[in-house]
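The values are calculated or read from the model by the stated rules, or taken from the named source; none is laboratory data. Keep in mind that this is a model prediction, so the values were computed, not measured. Here the Cβ positions follow ideal geometry from the backbone for every residue, glycine too, while neighbour counts run over all protein chains shown.
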Amino acid sequence: PAERPVPAAPVSAAVAAAPPEGAMSNGVYVPPSAANGDVKPVVSTTPLVDFLMQLEDYTPTIPDAVTGYYLNRAGFEASDPRIIRLISLAAQKFISDIANDALQHCKMKGTASGSSRNKSKDKKYTLTMEDLTPALAEYGINVKKPHYFT
């Protein structure tokens, strides 16, 4: 005789249940299992430790001094240099994604216009506002051209 699996509790009941008394500590939610004191880490911290070690040796394109300056200007003071380097890396990725999207817009514009006279692989592209504006718009940054008066 095959054993029947025991049906799990409905997810909506678990989500709708209010957190037990004392589950909030200093504004941070503590799961019920951790509130009892039996905390068992589910995910190993080895990848995070390896990442932080690699971050110490990595030199981002955006210097730490530049990132630190703008963080301080925004009111953020980081005591750990790895945090500044992590933010530099995130900013570098953000700028790289925008530049790549602008390049794709430029390439699509070039293929749509039918200019197939120069099909070399080492064709040079120029970053223009016409290509950068839709790429930035994908990330929620609206760019308006300034009004020029003659």
Kindly indicate whether any position in region 80-95 is surrounded by fewer than 13 Cβ atoms within 10 Å (Cβ to Cβ) and touching a Ser or Thr at 6+ places or on another chain (Cβ under 9 Å). yes
Looking only at residues that are assigned to a loop (DSSP other than H, G, I, E, B) and at pLDDT 60 or above in region 39-62, which one is surrounded by the most Cβ atoms within 10 Å (Cβ to Cβ)? PRO60
Among the listed residues ILE83, ILE95, ILE87, identify the single one that is in contact with a Leu (Cβ under 8 Å, 6 or more places away or on another chain) and part of a helix (DSSP H, G or I). ILE87
